[in-house]
Amino acid sequence: MRDQIEARRFDLKAVNPNAESTEDTRTPEELLDIIAAKGREIDAAIAELRQSLAAWNARDDLPT
């Protein structure tokens, strides 16, 4: 039986030919743009947190 399979060159790899590709096709430039955009989002969030902290620290009702 093995000889018959080998003779017919059956492909016995455990691979699903109908599976969608999960390969990342983005270019390095696209990845850098995404990273830069996320960095700007982080900078904006940090600025907002700093403003909130400054407002909290400026409250009159804080214990001394």
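Observations
- Within the range 6-34, the set of residues being surrounded by 10 or more Cβ atoms within 10 Å (Cβ to Cβ) and within 15 Å of the chain's Cα centre (by Cα) comprises 26, 30, 31, 32, 33, 34.
- Condition check for residue 38: of a type in the set (Lys, Arg) and closer than 30 Å to residue 1 by Cα: no
- For the range 5-29, the set of residues classified as of a type in the set (Lys, Arg) and at pLDDT below 85 consists of 8, 9, 13, listed by residue number.
The values are calculated or read from the model by the stated rules, or taken from the named source; none is laboratory data. Bear in mind the structure is a predicted one, so any value in this text is a computation, not a measurement. Quick reminder, even Gly has a Cβ in these numbers, built from the backbone with ideal geometry, and neighbours come from all protein chains shown.
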